[in-house]
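Visitor: Input: one structure, supplied below.
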Number of protein chains: 2
Amino acid sequence: MKREIFIGRVGVGGRHPVSLQSMTTTPTADSRATLTQIRALARAGCDIVRVAVPDTASLVGLRAIVRRSPLPVVADIHFDAELALRSLDCGVHGLRINPGNIGGAKNVARILRLANERGVPIRIGVNAGSLEKKYRRTDLSRPEAMVRSALDKVKFCEDHGFLAIKISLKSSHVRHTVEAYRLLDRRCDYPLHVGITEAGTFLQGTVKSAIGIGALLLEGIGNTIRVSLTADPLEEVRVGREILKALQLRSNGIELISCPACARTSVDIIARVQEFEARAARLPIRRTLRVAVMGCEVNGPGEAADADIGIAFSRNHGFIFERGRIRERVPAREGVRRLLQRLKDMA
Amino acid sequence: MKREIFIGRVGVGGRHPVSLQSMTTTPTADSRATLTQIRALARAGCDIVRVAVPDTASLVGLRAIVRRSPLPVVADIHFDAELALRSLDCGVHGLRINPGNIGGAKNVARILRLANERGVPIRIGVNAGSLEKKYRRTDLSRPEAMVRSALDKVKFCEDHGFLAIKISLKSSHVRHTVEAYRLLDRRCDYPLHVGITEAGTFLQGTVKSAIGIGALLLEGIGNTIRVSLTADPLEEVRVGREILKALQLRSNGIELISCPACARTSVDIIARVQEFEARAARLPIRRTLRVAVMGCEVNGPGEAADADIGIAFSRNHGFIFERGRIRERVPAREGVRRLLQRLKDMA
């Protein structure tokens, strides 16, 4: 088990559930726009938000953001140690720095001292794209180089009595990322922040993130995650929640099991499933229910048996199942409505 | 290494690259519509296509489809052994049956005999939703039950001298699927067809498939894959190719590395990346190139160094890199155009 840190009220590591992060895209100096975005991220299921602090103009905004944000705020700082120190003065709940680019050991030590006083954890972010020269040796695999670079920085923190650390090792290579985290996981007990960096636009980024983050979470590696997309951060949160839901790590609402349309389906199953999704989104469901919407009798009853509730359509009818037993036969065109009705009774 | 089979001209197992499958959604009886869909799937990068054969009316269509399809055709048959035998007469390149629901051992033996004569391989598809009663015991884990059910059927085929097998073990549970394939991979050397079944609508299905298929491919498990979505099968192929590309298993064209937008980016990076993607899609690129489009100077140069070519924007300029060296500084608004120009020269 990993050590435990707290980003504001959100525990990371220990026995805490895997948390979900995203990063704002609005100018941090514009606290109003940034807070609007943070509130939307919170509603979508984000747990921790990161904001970039690239200049002193951002600090005024940062103070207002921290004061009013519904989510704990992590300041992301590069190059300028003063910005990190002043962000701590703004009351941020976490810092993300790369100790290799913040102005040398003395400055890192100053930041650690102040963060320690304020009880603010720091993420050590190592990025394959910005490794120190000594780790760009060709005799080291890229994952091994990333891990050594991270452990150097961990050692520096420990030497300064600073232990409220989490670590990230990001690369745009899925395989490198997975290998690097596996190596690191065995060699330290600090919580890990997992993600694929520069993953790309919506589809490519979703696929790369789901593979990399998903493969690690399947092995129990990863305490907090971020899906990084060149897209609206709300999309990052949607994808992140789907990853956690697929692995039963966090969930609320409905897990939908629906079959691919094929020549066997006698109803327009894509339209039925979309109708179901749209109408189910408005149901007040507090626990997780597995709901199956199936287009034919081949997989339908079996998969429906695995679900809490489900419907399998045949040509003219829909058969509504609850935990594997047929409850009623309804006309196909009324299937979705009747399924929703029963679901409402269950929830 | 797994044994090798051939679905038409496509090798599966052995040293063959991981192939990509999808399934038509048009009525198989309508050969014209089905062939139109198959041609679109082939253009999108599908390697093998499956069509459902639910009734005798489909057989006439099937014959025309097999004759004119640009892709090898697998007939998917349930319940009716006659349909399987007659599909073989139509010249299909593969069969997918569930030996547990095709009318008993005698019928399976008849199908195996004819498939053997025709040199047509068979996929044994075990689905968590339709396990035989004897494997629904509560003392067996679901993955173990799926594997035992599959190995029973493999044994039956072997006893009848039929070895041109591939196996699938599908469940809508990502964890069960991954565990089941891991167990099976150790216990037999037949090629494996990997997928998550009933994965759901586009986003949920993409995430579940990417995690499950991706985690297995990362371990070297899986010889042919299918992404199953309740969506247009062209989407299944797009997602499947992204999975293979993310793991460098199949690729052509451009692997795009792009940063998430954040408050540090001084240009509208989402718009730039989209502009780049749209225009790059028309470039005739034969080998794989890693291209970075980055919004700021923090990760930009480093990630660009990892790419074959890239651009990192600052406020007013774009810096074009080739294998880590700055090649030129261009005005920001001309950045994408100049990057494309250089890319064209490289390709």
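Visitor: Other chains near A:72-83: what is the mean number of their Cβ atoms within 10 Å of each residue's Cβ?
Guide: Values: counts 0, 0, 0, 0, 4, 1, 5, 2, 0, 0, 0, 0.
Whole-number average of other-chain Cβ neighbours for A:72-83 is 1.
Visitor: Oh, and also: Report, to the nearest whole %, how much of the accessible area of the protein assembly as shown belongs to carbon and sulfur atoms, 1.4 Å probe, protein only. Show your work: numbers first, answer last.
Guide: Working: 12140 of 26490 Å².
Roughly 46 percent, rounded to a whole number.
Visitor: Helix B:105-118 versus the longest principal axis of chain B: what is the Cα-based angle in degrees, 0 to 90, to the nearest 10?
Guide: Rounded to the nearest ten degrees, it is 60.
Visitor: Along Cα→Cβ, 7 Å out, is where each label goes; now give me the distance between the ones at A:Asp152 and A:Met346 in nm to one decimal.
Guide: If labels sit at A:Asp152 and A:Met346, their model points lie 5.5 nm apart.
Visitor: Run the simple label-point estimate for A:Phe79 and B:Glu328 please: 7 Å along Cα→C-beta, distance reported in nm.
Guide: Each label point is offset 7 Å from its Cα along the Cβ direction, giving 2.5 nm.
Visitor: Quote the total accessible area buried by chains B and A together, excluding ligands, DNA and RNA, probe 1.4 Å, nearest 100 Å². Kindly include the intermediate steps, with their values, before the conclusion.
Guide: On the way: alone 16350 and 16360 Å², together 26490 Å².
Interface area, both chains combined: 6200 Å², rounded to the nearest 100.
Visitor: Can you order the peptides A:59-67, B:320-328 by their average number of other Cβ atoms within 10 Å per residue, highest first?
Guide: Details: A:59-67: 19.2, B:320-328: 15.2.
The peptides rank, most packed first, as A:59-67, B:320-328.
Visitor: Over all directions, how big on average is the projection of the convex hull of the alpha-carbon atoms in the stretch B:150-290, in square nanometres?
Guide: Details: hull surface 45.2 nm².
Directional mean of the projected Cα hull area for the stretch B:150-290 stands at 11.3 nm².
Visitor: Before rounding to the nearest 500, sum -39500 (n - 2.57) across all DSSP H runs of length at least 4 in chain B and divide by the residue total; then give [θ] at 222 nm in deg cm²/dmol.
Guide: On the way: 11 runs with 143 residues, N = 347.
So the calculated ellipticity at 222 nm is -13000 deg cm²/dmol.
Visitor: Just want to confirm a number: the relative contact order over the stretch B:5-246, from Cα pairs under 8 angstrom separated by 6+ residues, in percent. Don't skip to the end; give the middle numbers.
Guide: Details: 484 pairs, mean separation 47.3, N = 242.
It comes to 20 percent, rounded to a whole number.
Visitor: Shifting gears a bit: How high is the FRET efficiency from B:Arg315 to B:Leu283, r the C-beta distance, R0 25 Å, rounded to 0.05? Walk me through the numbers on the way to the answer.
Guide: Details: r = 28 Å, r/R0 = 1.12.
With a Förster radius of 25 Å, E is 0.35.
Visitor: Please get the size of the charge dipole for chain B, origin at its Cα centre, with Cβ charges of +1 on Lys and Arg and -1 on Asp and Glu, quoted in debye to the nearest 20.
Guide: On the way: 55 positive and 36 negative charges, 105 e Å.
Its charge dipole is roughly 500 debye.
Visitor: Note down the magnitude of the dipole of the stretch A:55-128 about its Cα centre, charges +1 on Lys and Arg C-beta and -1 on Asp and Glu C-beta and zero elsewhere, to the nearest 20 debye.
Guide: Numbers: 10 positive and 6 negative charges, 42 e Å.
Dipole about the Cα centre, nearest 20: 200 debye.
Visitor: With the crude spin-label approximation of a point 7 Å out along Cα→Cβ, what separation in nm comes out for B:Arg43 versus A:Asp159?
Guide: About 6.2 nm, to one decimal.
Visitor: Okay, moving on. Mind ranking B:306-316, B:18-28 by how tightly packed they are, going by the mean number of other C-beta atoms within 10 angstrom, highest first? Don't skip to the answer; put the middle values down first.
Guide: Working: B:306-316: 20.5, B:18-28: 24.4.
Averaged packing, sorted descending, gives the order B:18-28, B:306-316.
Visitor: So what's the net charge close to B:Arg86: Lys and Arg +1, Asp and Glu -1, counting the other residues with Cβ under 10 Å from its Cβ? Could you put the intermediate results ahead of the total?
Guide: Numbers: positive: B:Arg63; negative: B:Asp80, B:Glu82, B:Asp89.
Residues near B:Arg86 contribute -2 overall.
Visitor: Could you give me D for the stretch B:58-183, from Stokes-Einstein at 25 °C and 0.890 mPa s, where the hydrodynamic radius is the Kirkwood radius over C-alpha pairs? Units µm² s⁻¹, please.
Guide: Values: Rh = 15.2 Å.
Using the Kirkwood radius from Cα pairs, D works out to 161 µm²/s.
Visitor: Shape of the stretch B:209-253 from its Cα gyration tensor (a ≥ b ≥ c, root eigenvalues): rounded if a/c is under 1.5, otherwise prolate when a/b > b/c, or oblate? Kindly include the intermediate steps, with their values, before the conclusion.
Guide: Values: a/c = 2.27, a/b = 1.31, b/c = 1.74.
Since a/c reaches 1.5 but b/c is at least a/b, the shape of the stretch B:209-253 is classed as oblate.
Visitor: I would also like to ask the following. Within 10 Å of each Cβ in A:118-129, how many Cβ atoms from other chains are there, averaged over the peptide?
Guide: Details: counts 0, 0, 0, 0, 0, 0, 0, 0, 0, 4, 5, 14.
Per residue, the number of nearby Cβ atoms from other chains is 2 on average.
Visitor: Here is a follow-up. Normalise the Cα radius of gyration of the stretch B:161-231 by 2.2 N^0.38 Å (N = residues in it) and let me know the number. Walk me through the intermediate numbers first.
Guide: On the way: Rg = 12.1 Å, N = 71, 2.2 N^0.38 = 11.1 Å.
Compared with the compact-globule rule of thumb, the stretch B:161-231 sits at 1.08.
Visitor: By what distance, in whole Å, do the Cα atoms of the stretch A:4-135 stretch along each of the three principal axes, largest value first?
Guide: Each principal axis gives a Cα extent; for the stretch A:4-135 these are 43, 38, 31 Å.
Visitor: To one decimal place, what orientation-averaged projected area in nm² is obtained for the convex hull of the Cα set of the protein assembly as shown? Show your work: numbers first, answer last.
Guide: Details: hull surface 120.2 nm².
Averaging across all directions leaves 30.1 nm² for the Cα convex hull.
Visitor: Please compute the average number of Cβ atoms from other chains found within 10 Å of each residue's Cβ in peptide A:268-275.
Guide: 2
Visitor: Additional query: With a 1.4 Å probe and all protein chains left in place, how much accessible area per residue does chain B have, in Å²? Could the numbers behind the result be given before it?
Guide: Numbers: 13240 Å² over 347 residues.
Value for chain B: 38 Å² per residue.
Visitor: For helix B:335-346, report the angle its Cα long axis makes with the longest principal axis of the Cα atoms of chain B; keep it between 0 and 90° and round to the nearest 10°.
Guide: The answer is roughly 60 degrees.
Visitor: Using a 10 Å cut-off on Cβ atoms, rank the peptides A:207-216, A:225-234 from the highest mean neighbour count down. Write out the running numbers ahead of the final one.
Guide: Values: A:207-216: 30.7, A:225-234: 25.3.
With the highest mean Cβ count within 10 Å placed first, the list reads A:207-216, A:225-234.
Visitor: For chain B, I need the span (max minus min coordinate) of the C-alpha atoms along each principal axis, in Å, sorted largest to smallest.
Guide: Largest first, chain B extends 75, 48, 33 Å along its Cα principal axes.
The values are calculated or read from the model by the stated rules, or taken from the named source; none is laboratory data. No experiment lies behind these values; they were computed from the predicted model shown. Glycine gets a Cβ as well: all are built from the backbone with ideal geometry, and neighbour counts include every protein chain shown. Heavy atoms of the whole protein, side chains included, go into the accessibility calculation; ligands, DNA and RNA do not. Shrake-Rupley method; radii C 1.70, N 1.55, O 1.52, S 1.80 Å.
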